[in-house]
Amino acid sequence: MLFLHNLFFSLGELIYSSFLTLKVRSKIQKLSKGDTNILENLFPYYKNLNQEHRKDFVSRLEWFIAEKEFVPRGDLKTVTPEMKLLISATAIMVTFGFKGVFLRHFRKILIYPNSYYSSINQQYHYGEVNPKLGMIVLSWEKFVEGFMHSQSGVNLGIHEMAHAMKLENQIHYNRESNFFNPHRWEVYAKEAKQEQNKILKGESDIFRASAGKNMHEFFAVALEVFFEKPLEFSTYNPKLYKSLVYLLKQDPLALSGNGSSAV
């Protein structure tokens, strides 16, 4: 009986996944020259990719945009194509080492103009990830601030996409889980725990205090620094940096006009 249950469950997953794939394919729109110009001018990660990886990046980006529902909230009346482009590009950057990973569990991206009040914990937020509702929530003001200070190591978009990616790795129904290599995760977790202890003692020079809250928060903060301050990160803690390179299967330090970020 258990075998039949698992078989029917797997078939159901496959049928549903195939249906969603066809649905997304029908919605895909090619990026315009204006879109790629925006990426080249505002998105250093894309600008530094070689031509082959730019093509791959754009293809994944088109798919991600088609797959998600972008919802304006609060006083934000509409989500512009530029908003969709930059938010989606951030997700593709964070997941670029994993072909076929599009954070499928998170089908809605809610965008507020600035901070918003959460009725769940009665606090104001700039961003959050809600796995129960399959939503990523962002403040556009704070998202843009991260872009304007792209080497600060503080980037709301990277932070929330990192949370979503970590959760996606643990969600099994959508055929997109377990993309993190378990051994690579163990190596990273060991190094991360040591660094987190330093944060709690006030001895960390590169990660902000919130990274000491728990390992979920540490991962999100670490990815902000990983993508925005890779040289400083790798110099400060080469073992932790290298563990993320192998875990995420990409190295921001290796990016150049003739190089690739994938490893």
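If you count Lys pairs in region 168-263 whose Cα atoms are under 17 Å apart, skipping same-chain pairs closer than 8 places in sequence, the total is 14. Over the Cα atoms of region 172-263, the radius of gyration divided by the Kirkwood radius equals 0.99; this is the Rg/Rh ratio.
With the cut-off at 22 Å, report for region 42-129 the share of all Cα pairs above it, as a whole percent.
Numbers: 1309 of 3828 pairs.
That tail contains 34 percent of the Cα-Cα pairs.
Once each of the chymotrypsin sites (Phe, Trp or Tyr not before Pro) sitting in a DSSP loop with at most 15 other beta-carbon atoms within 10 Å is removed, the chain keeps 1-172 as its longest stretch.
Can you give the translational diffusion coefficient of the chain in µm²/s, computed by Stokes-Einstein from the Kirkwood radius over Cα pairs at 4 °C and 1.567 mPa s? Provide the component values of the computation, followed by the final result.
On the way: Rh = 19.3 Å.
The Stokes-Einstein estimate is 67 µm²/s.
By the helix-only formula, in which each DSSP H run with n ≥ 4 contributes -39500 (n - 2.57) and the sum is divided by residues, the chain has a 222 nm mean residue ellipticity of -17500 deg cm²/dmol.
By definition, a body whose alpha carbon gyration tensor gives a ≥ b ≥ c is oblate when a/c is 1.5 or more and a/b is not larger than b/c, and region 89-166 fits this oblate description. In a DSSP loop and with at most 11 other Cβ atoms within 10 Å, the GluC sites (Glu not before Pro) in region 165-263 are GLU203. Annotation for region 159-263: trypsin sites (Lys or Arg not before Pro) lying in DSSP loop with at most 16 further Cβ atoms inside 10 Å of their Cβ are ARG175, LYS201, ARG208, LYS213.
No lab work stands behind these numbers, since they all come straight from the coordinates. What you see is a predicted model, and the numbers here were worked out from it, not measured in a lab. Quick reminder, even Gly has a Cβ in these numbers, built from the backbone with ideal geometry, and neighbours come from all protein chains shown.
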